[in-house]
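Engineer: Quick one: this structure, given as structure tokens, is what I'll be asking you about.
The values are calculated or read from the model by the stated rules, or taken from the named source; none is laboratory data. These numbers were taken from a predicted model, which means no experiment stands behind them. Positions of Cβ are generated from backbone atoms using ideal geometry, with glycine treated the same way; all protein chains shown enter the neighbour counts.
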Amino acid sequence: MGNNFSFEFKNTELPASAEVSSSQQFRNVIPVRRKRKRDKKLKSKLFKESYRTFRQMLSSWCLRNLHCLMVELEASWALRELTVSADLSRPPAPSLRNSLLRMYEQATLSDVVLIFQGRRFAVHRCIVSRRSLWLRTLLRQAERTHPTTIEFRLPPGCQIPDSPTPRVVDYFIRFLYCGYIDERDLSADEAVQLALMKVSLGVSNDWHGDMFDMIRQPNEDADLIIVFTRASSSSAGGAQVQPESEAAVEQQQCGSKSRVSLLKSQRKMPKCQYLCHSVILASRSGFFLSLISKRRADCSEQSDRITICLDESVIPRQYAPVVFEALYLDKVDLSLVSPGSSPPCSSLSEVKVIASGKCLASPLEEATEIYQIARFLEFPLLAQGKK
């Protein structure tokens, strides 16, 4: 007995669409490979050219100069590795965008409540009025009647297809605070409504420019006054520097002649008073956050400006421009240090400073002072910028 096994082979052919797709994939792979080869040849050619130029430059150098170059390159490489390891070991400092957005999400130190379709949005007057012309007008009109709770409404003649939802209004306020939003989380209709709201409410797209104007041209929305005070010693022969608030009181009591002389004397003095915004300082510095919160709780009316006096023995006045530049613009610039600590580099000024018993501050000493100020203010960005 034998078992008969029969096999039947069928000719299975691939569909035409599969053949076309495979051929298309093959055709797409060829240009990619050619591009990679061309880029590789170009990189190798550029490397050879730079190698040849570098070799021609070093061919005439002596061994001493070559050794100095090697030492500099090794030091630069070690400094780079140290910088990278330091950046990886410490948490990144939050930027101004993230800090302001956190203040809005947590409703910290908010002074205005916008109501839209039953939902309440706790915002900050200085931010929304600076970023939107319509909201600035709305806040000024409602300030006389009800300064804290305001009904948010669109301007007359606003051509929006459908009434925006509270979700769109929330994204609109987020755009006011940080200057950008991820529109992928919105639908197509919501994105159109958001774009029309920006145009209708007069929103500026230059977020950095608005932050720059807040520090350079503070208007009536500035709700905080920073005053630098110091005790003068009569033995040293120096004139007592008074805060501008006290000078203003004396200015009202004196006549016109005393006013002119007082203004002339104030022009010669370094600036000792700064108009600021509490939300900016509280979002960047833990020291200012706790201090402003206590002062706001003790203040009878929320619309009053808060005055904070800083002792110059702790925070010298000449470093104030650097600190405020970092608070508002995320930049640390040592060239903004006032000439109170580092006089002009001339022989006469050096002789005067040495004769008075003071010492010249070097850039390293200024950076160290700013780092200590940043640690005192609990301002991570300024501290990391000076490390």
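Engineer: Go through (1) out of contact with any strand residue (DSSP E or B) (no Cβ under 9 Å at 6 or more places or on another chain); (2) over 30 Å from Ala374 (Cα atoms); (3) at pLDDT 90 or above; (4) of a type outside the set (Phe, Trp, Tyr) one by one and return the number of the condition Ser76 breaks.
Structural biologist: Just one mismatch for Ser76, condition (2).
Engineer: Tell me whether region 176-185 contains one or more residues that are of a type outside the set (Val, Ile, Thr), touching a strand residue (DSSP E or B) at 6+ places or on another chain (Cβ under 9 Å) and within 19 Å of Asn98 (Cβ to Cβ).
Structural biologist: Checking region 176-185: at least one residue is of a type outside the set (Val, Ile, Thr), touching a strand residue (DSSP E or B) at 6+ places or on another chain (Cβ under 9 Å) and within 19 Å of Asn98 (Cβ to Cβ).
Engineer: Is there any pair with a first residue in region 266-278 that is within 26 Å of Asp111 (Cβ to Cβ) and a second that is in a helix (DSSP H, G or I) and modelled with pLDDT under 80 whose Cβ atoms are under 6 Å apart and which are 6 or more apart or on different chains, and what are they?
Structural biologist: Here the result reads Gln273/Glu244, each pair linking region 266-278 to a residue that is in a helix (DSSP H, G or I) and modelled with pLDDT under 80.
Engineer: Next question, about the same structure. Take the residues in region 332-387 that are among the hydroxyl-bearing types (Ser, Thr, Tyr), closer than 21 Å to Glu312 by Cβ and outside any helix (DSSP H, G or I); name whichever of them is modelled with the highest pLDDT.
Structural biologist: It comes out as Ser362.
Engineer: Still on this structure: Go through region 52-84 residue by residue and tally those that are among the small types (Gly, Ala, Ser) and closer than 26 Å to Gln384 by Cβ.
Structural biologist: 3
Engineer: Which of the residues that make up region 140-150 are surrounded by 11 or more Cβ atoms within 10 Å (Cβ to Cβ) and either modelled with pLDDT under 75 or within 14 Å of Phe121 (Cα to Cα) (or both)?
Structural biologist: The answer is Glu143, Pro147, Thr148, Thr149, Ile150.
Engineer: On the basis of being hydrophobic (A, V, I, L, M, F, W, C), under 23 Å from Phe324 (Cα atoms) and either in the same structural domain as Gln318 (by TED's automatic domain parsing) or assigned to a loop (DSSP other than H, G, I, E, B) (or both), does Ile181 make the cut?
Structural biologist: Taking the combined requirement at face value, the residue does not satisfy it.
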